[in-house]
Amino acid sequence: MFRENLKNEIDSIKNQKLYRKLKGEKGIELNFSTNDYLGLSKNNDVINDYNEGLKYGAGATGSRLTSGNLNHEKLEETISEFKGTEKSLVYSSGYSANLGVISALCKKGDLILSDELNHASIVDGIRLSGADKKIYSHNNTFNLIEILEENKNYENKFIVTDAVFSMGGDIAPVDELKKIADEYNAVLILDDAHGTGVLGNGKGTLQHFKIKPNDNIIQIGTLSKAIGTVGGFVTGIEELSDYLINTSRSFIYSTALPPAVISASIKSFKLIKSGELTDKLSKNIDIANKIFKSAGFIEEEQITPIYPFLFGEKSIKISEELLNYKIFCVGIRYPTVKKGSERIRVSITAENKKEDFEYLCESISKINNG
C-alpha cells in the first residue's frame, strides 16, 4: 500500500511536468550551473589545506557541544574578522543556518516581514518559528513600509531577505532596508549566501552598500557558494552567537562539519581577502554582460554572476539539449520560480573565458532557432 501510494504521488508529479531527477556532469566541458563563483572548490591551496585538516580525522565525531569542537572556532574568528563583526557561529549548511537562526530568534507574538522571493530555507525557518508573517512584494520598500505602518503594535519585528536572489541575481535594496529597520525598531536579517565572496570586494552585500555592521543587523551566509566548501554561518553581535549556541536546534543537534572542511574554508577566506579572485570575477561579469546582452538574452546588465535567461516553457527543453553541446546549464521552473517566469539560470565564475560565453550563446541560439 505504501509503495503504491508513493508511485501514485510520483505519477501525479510527472503529470504536472514537475518531476525532478538527479543530474551529473559526465561528459560536460562547460558548467554554467555552479555556485563556485571563484573556483575555490578546485583551488590547489584550498585542497592542500583540506588535506592538512585531515590530521584531526575524517569527521568531527560529534556535535559542537560534545566532541565536535575542533578547529571550528578558528573559522568563526576568520569570518568575524572578514565581515567586521563581533562573533560568528558555523552551521552544518546554509539551509540549517537559516532554519536554526530564524526559528530560534523569532517567536510566537513576533512579526516577520519576508520578501516574496526569499529562499526556501528562510520560508521554512519562518514556519518553524511560530511568529506572525507578512509577505512584502519583491524588493518593494514602499509595500514593506505600508505593512509596518499597519502593524505598529508588535514589539519585536524582523525584516528578512536574501541579499542576492539566487534565481535572478538581483540585489535587495539593503541601504533602504537598513533605514527602515532603524526607523521601525526592527532587526534586519540578511541571507548573504550569494553576496559573500562576490560583492563588496568579496566581503558581501553590506560592504557593497558601505554599511557597517551594527546591533540590529544579522548576516547569514554559506560556505558552499563562493567559499567553495560546505556549511553555513551567522555573524553579528557577540550575544547573538551565545544565544544561538543555547537555543538553535539545528546547531545543537547537528554533528559538526568535518575539520578538513573547516581548514579549507579558512584558506578560502584568506584567498578572497587578497582581492585577485574577486577582480577576475568582476572582469568576467563585465565581459558576460556585453556578450549576453548582444545575444538578446538579457536586457539589463548584472553586477552579480547570476543571469536569468527567460525562455518560458521552452527553458527545460533548451537546458536538456545543451547537454548535446557538452554544456551543463539547468532550467528552472515552478515551484522554484513563478509560472510564466521559467528560465535557464546561468551562473559564471572567475575561471570562465570570453569564448565560453560566446559558445553558450551560439549553442542556445542554434537550439532555440532550430
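Output wanted: per-residue J couplings in Hz (rounded whole) for the stretch 201-207, from phi through Karplus 6.51 cos²θ - 1.76 cosθ + 1.60, θ = phi - 60°, x for Gly and Pro.
6, x, 7, x, 5, 4, 5
In what order do 178, 354 fall by count of nearby beta-carbon atoms within 10 Å, going from fewest to most?
Result, fewest neighbours first: 354, 178.
Round to a whole angstrom and tell me the spacing of the C-alpha centers of the stretch 18-41 and the stretch 188-221.
26
I want to check the label-to-label distance for residue 212 and residue 323. Put each point 7 Å from Cα in the C-beta direction and report it in nm to one decimal.
In this crude spin-label approximation the distance works out to 5.3 nm.
Hey, got a sec? Which GluC sites (Glu not before Pro) in the stretch 148-205 land in a DSSP loop and have at most 10 other Cβ atoms within 10 Å?
155
With +1 on each Lys and Arg Cβ and -1 on each Asp and Glu Cβ, how big is the dipole of the stretch 31-134 about its Cα centre, in debye rounded to the nearest 20?
Roughly 380 debye, rounded to the nearest 20.
About its Cα centre, what dipole magnitude does the chain give when the only charges are +1 on Lys and Arg Cβ and -1 on Asp and Glu Cβ, stated in debye to the nearest 20?
1080
Would you give the gap between the C-alpha center of the stretch 342-370 and the C-alpha center of the stretch 239-306, rounded to a whole Å?
22
List the residues whose amide H sits under 5 Å from the amide H of residue 159, counting only those 5 or more places along or on another chain, with H placed 1.01 Å from N in the peptide plane.
Excluding prolines and chain starts, which carry no amide H, the hits are 113, 187, 188, 189.
Gap in Å between the Cα centre of the stretch 158-180 and the Cα centre of the stretch 121-138?
15
Cut-off is 10 Å between beta-carbons; in what order do 266, 287 appear when sorted fewest neighbours first?
287, 266
Past the 23 Å Cα-Cα mark, which pairs from 42/317; 74/203; 74/267; 42/326; 83/134?
Flagged as over cut-off: 42/317; 83/134.
Work from the charge dipole of the chain (Cβ charges, +1 for Lys and Arg, -1 for Asp and Glu, about the Cα centre) and give the residue of 122, 59, 147 farthest towards its positive end.
59
Long-range amide H contacts for residue 138: which residues qualify at under 5 Å (H placed 1.01 Å from N, peptide plane, sequence gap of 5 or more or a different chain)?
For residue 138, the qualifying residues are 116.
Helix-only mean residue ellipticity at 222 nm, the chain, DSSP H runs n ≥ 4 weighted -39,500 (n - 2.57), per residue, nearest 500. What is it?
-12500 deg cm²/dmol
If R0 is 35 Å, what FRET efficiency do you get for residue 142 and residue 107 from their C-beta distance, rounded to 0.05?
Plugging the Cβ-Cβ distance into 1/(1 + (r/R0)^6) gives 0.80.
Every read-out reported here was derived from the displayed coordinates using simple, explicitly stated rules and does not represent laboratory data. A quick note: this is a predicted structure, and the numbers were derived from the prediction, not measured. Using ideal geometry, Cβ is built from the backbone for each residue, glycine included, and neighbour counts are taken over all protein chains shown.
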